[in-house]
Amino acid sequence: MPKLYLGVDGGGTNCRVRLADENLKTLAEATNGRSNLQLEDGDPAYRSIMDGTRQVFEKAGIDYAETANTYACFGMAGARLISARDEFEARDWPFARVKVYDDIDIARAGAHEGEDGAVIIVGTGSAGLALVGEERHQVGGWGFPVGDQMSGAILGRELARITVEAHDGFFDPTPLTQAVLERLGGDLDTLMDWSFKAEPADFGSLMPLFIEYYEKGDPIARKLMDLQLSYVDAYVSWFKRRGVEKMAVVGGFGRRLNPLFVERYGSFIVDPRSEPLHGAVLLAHQHFANA
């Protein structure tokens, strides 16, 4: 049987798996749970990929034994460190070969389909990557505790913090902080309890509420949007100093904000030509073309 290719877009909130034939035609797709390599030593990511693999083979009507003829590429959140990628790649996989990339690599591959250009991921986490000639320029992507400046998780954490300050009496609550308080239990005790258990995706889940109240003109939402755009400004300046001429934005939160980016940065912003999941399949095909 001809080679099969499996691409994975492993995000902090969900994991998407795509099976494709040798012509990169999609045969089946599946979506499963969180897949950040830094969570629980990568065990949830492993389970999500394995579950997704079984699902796509079943949907495609292909015997699962054909995983032995399948070449896989994973683009994973939390894979900034080479050691994390190597350890995950060395797990017990059913595939012929596996290559693990940072999620930013598959995002860039999909967005520009081989051409030069930059991409930023603005989702639960955030990161940036550009290719200029043969040079690869990576920035950010260091994870929720110390990085992910542009992410929904970081902005959600800031929103939760400001909500506490408002309801502590540092300043008047706004409709947004009141809505956040109600979402997280109705009082500061329950919000605090929630925060001790919250993971990046939990903070990121506040972003639809943030957008809703931003569009209504809530002053706290406007203040936080200014903070968000200041982080993006820093990434744009960093890329331009390295000769980048165009940048695409991917990630659910980023795509929602894309009109603001176009207004702010003009023609520097381009639409992604393909999604990160297609980038994973492309990289699998490129990496294992001669395998």
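Quantify, in whole percent, the carbon and sulfur part of the accessible surface of region 189-291 (1.4 Å probe; protein heavy atoms only). Mind showing how you got there, number by number?
Details: 2650 of 5200 Å².
Percent of accessible area from carbon and sulfur atoms in region 189-291: 51.
For region 192-234, the Kirkwood radius over C-alpha pairs fed into Stokes-Einstein at 37 °C and 0.692 mPa s yields D = 283 µm² per second. By DSSP, the beta bridges lying fully in the chain are antiparallel in about 55 percent of cases. Would you indicate which of (1) 132; (2) 171; (3) 141 is the value of volume of the Cα convex hull per residue in Å³ derived from the coordinates of this structure? For volume of the Cα convex hull per residue in Å³, the calculated option is (1). Scaled against the 2.2 N^0.38 Å expected of a compact globular protein of N residues, the Cα radius of gyration of region 115-220 reads 1.28.
Per residue, how much accessible surface does region 195-291 expose to a 1.4 Å probe? Answer in Å², no decimals.
Working: 4790 Å² over 97 residues.
Accessible area per residue, region 195-291: 49 Å².
Rg ratio for region 1-93: its Cα radius of gyration over 2.2 N^0.38 Å, N being its residue count, equals 1.03. Fraction of C-alpha pairs exceeding 27 angstrom in region 1-156: 22 percent, rounded to a whole number.
Computed about the Cα centre, the dipole magnitude for the chain is approximately 620 debye when only Lys and Arg (+1) and Asp and Glu (-1) carry charge, each at its Cβ.
For Lys99, the lysines whose Cα falls under 18 Å of its own Cα, not counting residues fewer than eight places away in the same chain, are Lys3.
Here region 141-187 is treated with +1 on each Lys and Arg Cβ and -1 on each Asp and Glu Cβ, and its dipole about the Cα centre works out to around 180 debye.
Dividing the radius of gyration of the alpha carbons in region 231-291 by their Kirkwood radius gives 1.08 for Rg/Rh.
About its Cα centre, the dipole of region 42-113 is roughly 60 debye, where the only charges are +1 on Lys and Arg Cβ and -1 on Asp and Glu Cβ.
When a 1.4 Å probe is rolled over the protein heavy atoms, the share of accessible surface on region 1-104 that falls to carbon and sulfur comes to 43 percent. Placing one equal scatterer on every Cα of region 51-110 and applying the Debye formula, the log10 ratio I(q)/I(0) at q = 0.12 Å⁻¹ is -0.33. Could you tell me which of Trp142, Thr53, Val100 has its Cα farthest along the dipole of the chain towards the positive end, charges placed at Cβ (Lys, Arg +1; Asp, Glu -1), taken about the Cα centre? In the chain, that residue is Val100.
Converting phi to 3J(HN,Hα) with the Karplus coefficients 6.51, -1.76 and 1.60 and the offset θ = phi - 60°, region 228-235 yields 4, 5, 5, 5, 5, 3, 5, 5 Hz in sequence order, with x at every glycine or proline.
Using only helices, what value at 222 nm comes out for the chain when you add -39,500 (n - 2.57) per DSSP H run of length 4 or more and divide by the total residues, to the nearest 500 deg cm²/dmol? Provide the component values of the computation, followed by the final result.
On the way: 11 runs with 134 residues, N = 291.
When only DSSP H runs of four or more count, the value is -14500 deg cm²/dmol.
Computed over region 142-277, the alpha-carbon pair-distance distribution with 5 angstrom bins reads 2, 9, 18, 21, 19, 14, 8, 6, 3, 1, each value a whole percent.
The values are calculated or read from the model by the stated rules, or taken from the named source; none is laboratory data. If you're wondering where the values come from, they're calculated on a predicted model, not measured in any experiment. Cβ: placed from backbone, ideal geometry, glycine included. Neighbour counts: every protein chain shown. All accessible areas refer to the heavy atoms of the entire protein, side chains included, with ligands and DNA or RNA removed. Shrake-Rupley method; radii C 1.70, N 1.55, O 1.52, S 1.80 Å.
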